[in-house]
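Since the structure comes first, as structure tokens, the remarks are kept for the end.
The values are calculated or read from the model by the stated rules, or taken from the named source; none is laboratory data. All values derive from a computational prediction rather than experimental measurement. Cβ atoms come from the backbone with ideal geometry, glycine included; neighbour counts cover every protein chain shown. The accessibility values were calculated without ligands, DNA or RNA, using every heavy atom of the protein model including side chains. Shrake-Rupley method; radii C 1.70, N 1.55, O 1.52, S 1.80 Å.
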Amino acid sequence: MKQFSKKTSLNNFPVVALVISLLAASCLNTIDADRLYNEGLAYYNKEYYLDALRVWKNAAEAGSSDAVNFLGLMYQRGNGVTIDYKQAMAYFQQAAKDGNISAMSNIGYLYDKALGVTEDNLTAIKWYKKAADAGDLDALFNLAWMYDHGEGVSIDYPKAMQLYKKAAEGGSGSSMNNIGWLYEHGEGVDTSFNEAMKWYKKAAENGEPEAINNVGYMYENGEGVNIDYKQAMDWYQKAVKAGSSRGMNNIGLLYQKGLGVKVDYKTAMVWYNKGANAGCGDAMNNVGWLYQNGEGVAVNYKTAMEWYKKGAQYESADAMNNLGWFYANGKGVKANDSLAIDWYNKAIKAGSADAKDNLAALQEENE
């Protein structure tokens, strides 16, 4: 306003009036855009997706880049619309042009996960960095993940830790959880179960489902604490309430193995199925294991194989290893050493130590 008043004389009153009118209209548009955005958010949180879509389109026309970004998320997730990654990208790019940092992070995610575009980790990192530099917590976490797992860059645990801690300072529960993971597994730091538990509990207090599950795992396996199956069960149940499919799987394991409870294969199967339905690959693998070994059900190699394939699709290293074993031993399928080797190698890449032993044994047999 100082610039306008300094440059304007009484002879230019109509121009002054016009400027004031335009500024007032701009302020009203901003207020209207914010109001519509919040109205849409209320609908979205109640899962009234069609109402959210309608209101956010109006908010977008009024100039809300947050509404534009959320329209992209709706098309990415299929909330009230058919999943359309190209439409999602178009909305994210529109919001990013207006400086929306969440949209920048979301563009990176589409390239990272090959959603509607060819996987391009370098482009993903470029967008994550833009958003991370502006303080976006999701971008910081995703960028840390890239360094943690060597996607588009060489594995760099210290860099990953630095980024996780920066995001954790901003309140990222998923970053707190992953800091705990680095300490538990000694990746880039000395193994410290005490530090791992400290970070898992911080993340758990922040409502992070997988951290709640990980606290349970520490109690089940006696990492930094005495083995306490009751505590493990309590934490797993808390994790389930928070939405952790791994928690469902781990409750199943306690019943299958009789840890703190009586062995109960039927109850184990119930929990494994819950975890499988929620997308846990290890739970899918464990359903297969029960069918393979006839625990609570009749032995059925064909059904076991079907579950192992499902688990492998959801990145379960154990399921990949078990598929390799089935092909190596001709269980439920015709023996096929080539396929066995392929699955063992996939399982090894996914972190299975058993697959390394199985592959070595198979190669020794074939010498």
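When the criteria are applied in full, Asn194 meets the requirement of being in a helix (DSSP H, G or I), of a type outside the set (A, V, I, L, M) and surrounded by fewer than 16 Cβ atoms within 10 Å (Cβ to Cβ). Screening the stretch 32-83 for residues that are part of a helix (DSSP H, G or I) and among the polar types (S, T, N, Q) and picking the one that is most open to solvent (accessible area, probe 1.4 Å) gives Asn45.
Scanning the stretch 321-330 for residues that are open to solvent by less than 60 Å² (accessible area, probe 1.4 Å) and over 13 Å from Trp289 (Cβ atoms) yields Gly324, Tyr327, Ala328, Gly330.
Residues in the stretch 29-63 that are charged (D, E, K, R) and closer than 18 Å to Phe92 by Cβ: Lys57, Glu61. Consider the stretch 331-367 and keep the residues that are under 15 Å from Asp318 (Cβ atoms) and of a type in the set (Asp, Glu). The one that is surrounded by the most Cβ atoms within 10 Å (Cβ to Cβ) is Asp354. Among the residues of the stretch 115-149, those identified as among the hydrophobic types (A, V, I, L, M, F, W, C) and either surrounded by fewer than 16 Cβ atoms within 10 Å (Cβ to Cβ) or in a loop (DSSP other than H, G, I, E, B) (or both) are Leu115, Val117, Leu122, Ala134. Going through the stretch 166-191 one residue at a time, which ones are without any contact (Cβ under 8 Å) to a residue 24 or more places away in the chain and surrounded by fewer than 17 Cβ atoms within 10 Å (Cβ to Cβ)? Passing the criteria: Glu169, His185, Gly186, Asp190, Thr191.
For Gly207, the criteria (1) open to solvent by less than 70 Å² (accessible area, probe 1.4 Å); (2) more than 14 Å from Met176 (Cα to Cα) hold in every case but one, which is (2).
Taken over the stretch 94-110, the criterion of being over 15 Å from the mean Cα position of the chain (by Cα) and either among the aromatic types (Phe, Trp, Tyr) or crowded, with 17+ Cβ neighbours inside 10 Å (or both) is satisfied by Gln94, Ala95, Ala96, Asn100, Ile101, Ser102, Ala103, Met104, Ile107.
The set of residues in the stretch 241-283 being under 23 Å from the mean Cα position of the chain (by Cα) and either farther than 23 Å from Met218 by Cα or open to solvent by 40 Å² or more (accessible area, probe 1.4 Å) (or both) consists of Lys241, Ala242, Gly243, Arg246, Trp271, Asn273, Lys274, Asn277, Ala278, Asp282. Go through the stretch 222-235 residue by residue and tally those that are part of a helix (DSSP H, G or I) and either open to solvent by less than 30 Å² (accessible area, probe 1.4 Å) or closer than 12 Å to Glu184 by Cα (or both). Here the count works out to 2.
Considering every residue within the stretch 220-227, establish whether at least one is over 19 Å from the mean Cα position of the chain (by Cα), farther than 22 Å from Gly171 by Cα and of a type in the set (D, E, K, R). Full working, then the answer.
Start the filter on the stretch 220-227 by keeping residues that are over 19 Å from the mean Cα position of the chain (by Cα), which leaves 220-227.
Those still in the list that are farther than 22 Å from Gly171 by Cα too: 220-227.
Adding the requirement that they be of a type in the set (D, E, K, R) leaves 220, 223.
Within the stretch 220-227, one or more residues are over 19 Å from the mean Cα position of the chain (by Cα), farther than 22 Å from Gly171 by Cα and of a type in the set (D, E, K, R).
Criterion first (over 22 Å from Ala278 (Cβ atoms), open to solvent by less than 40 Å² (accessible area, probe 1.4 Å), assigned to a helix (DSSP H, G or I) and in contact with a Lys or Arg (Cβ under 8 Å, 6 or more places away or on another chain)) does Ile212 satisfy it? No. Within the stretch 284-320, if we keep just the residues that are assigned to a loop (DSSP other than H, G, I, E, B) and not hydroxyl-bearing (Ser, Thr, Tyr), the residue that is surrounded by the fewest Cβ atoms within 10 Å (Cβ to Cβ) turns out to be Ala298. Considering the conditions (1) free of Cβ contacts under 8 Å to residues at least 12 places away in the same chain; (2) in a helix (DSSP H, G or I); (3) of a type outside the set (A, V, I, L, M), Asn249 is excluded by exactly one of them, (1). For the stretch 150-160, name all the residues that are buried (at least 17 other Cβ atoms within 10 Å of the Cβ) and either assigned to a loop (DSSP other than H, G, I, E, B) or under 18 Å from the mean Cα position of the chain (by Cα) (or both). Within the stretch 150-160, Gly152, Ala160 qualify.
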